[in-house]
Amino acid sequence: MKQLATVALLGLVLAGCDSQTKVELTTPAQKASYGIGLNMGKSLAQEGMDDLDSKAVAQGIEDAIGKKEQKLKDEELVEAFAALQKRAEARVTAMNEEAGKAGKKFLEDNAKREGVITTTSGLQYEVVTKAEGAQPKATDVVSVHYEGRLTDGKVFDSSIKRGSPIDLPVSGVIPGWVEALQLMHVGEKVKLYIPSELAYGAQSPSPEIPANSVLVFDLELLSIKDPAAQAAK
């Protein structure tokens, strides 16, 4: 509750102010203050808290700084914060359910496309560039290039754009990758369509990847690292 109260307070100090109010943004402190308000305001907007009263926020700040008597009892504030928290949780639940339905529909349609293979686990993939190199085992470390996207095409991570492949243990990644890497041959490029249950499930690892997201990857297996060299390294 305390964290929610703090976020709401900071987020609307400046971001929700009356547009007619002139704000000085000259000193470092003023600029930093504006930045805090802007960032918190964006965060609150993303959470759907767009009906908070900026004037009431300003009044609360004024009363606290002026050490005036609270206009609401602590019990009333706790009840109000609990209501907002409950509303936010309901909104997240609804969004997660919708994302799950959309992901399921995407995979159902995608499975019908020519060239797409669906494994027993539900992982979908299509071979873009076929190769006859060695296949890694779960105990291997491999070097790969990849680009990850959501089903709407939004890129959330890309070693390709960074221009730097990564080394990773086959068994140390999301289940969809663990399975896919062991199906690939060195030199191959594939496109993966990973159900949320083989990725991050109902958890959101970052703001870039919503909960219950189906993940799409362009994946290239560059090499299998020599175990002796890895041990020495």
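Gain in length, Glu132 to Ser158, computed as 0.36 nm per residue apart minus the alpha-carbon separation, to one decimal in nm?
Details: separation 26, 0.36 × 26 = 9.36 nm, distance 2.52 nm.
Result for the pair: 6.8 nm of gain on full extension.
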Using alpha-carbon positions, the gyration tensor of the range 103-232 gives root eigenvalues a ≥ b ≥ c; with a/c under 1.5 called rounded, otherwise prolate if a/b exceeds b/c, else oblate, the class is prolate
What is the calculated FRET efficiency for Thr119 to Asn39, with r their C-beta to C-beta distance and R₀ = 45 Å, to the nearest 0.05? 0.60
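Starting from 0.36 nm per residue, how many nanometres of slack lie between Glu75 and Thr27 once their C-alpha separation is accounted for? The partial results should precede the final answer.
Numbers: separation 48, 0.36 × 48 = 17.28 nm, distance 3.83 nm.
So the extension gain works out to 13.5 nm.
We did not get these values from a lab; they are worked out from the coordinates using the rules stated. All of these numbers come straight from a predicted model, not from anything done at the bench. No Cβ is skipped: glycine too gets one built from the backbone with ideal geometry, and neighbour counts run over all protein chains shown.
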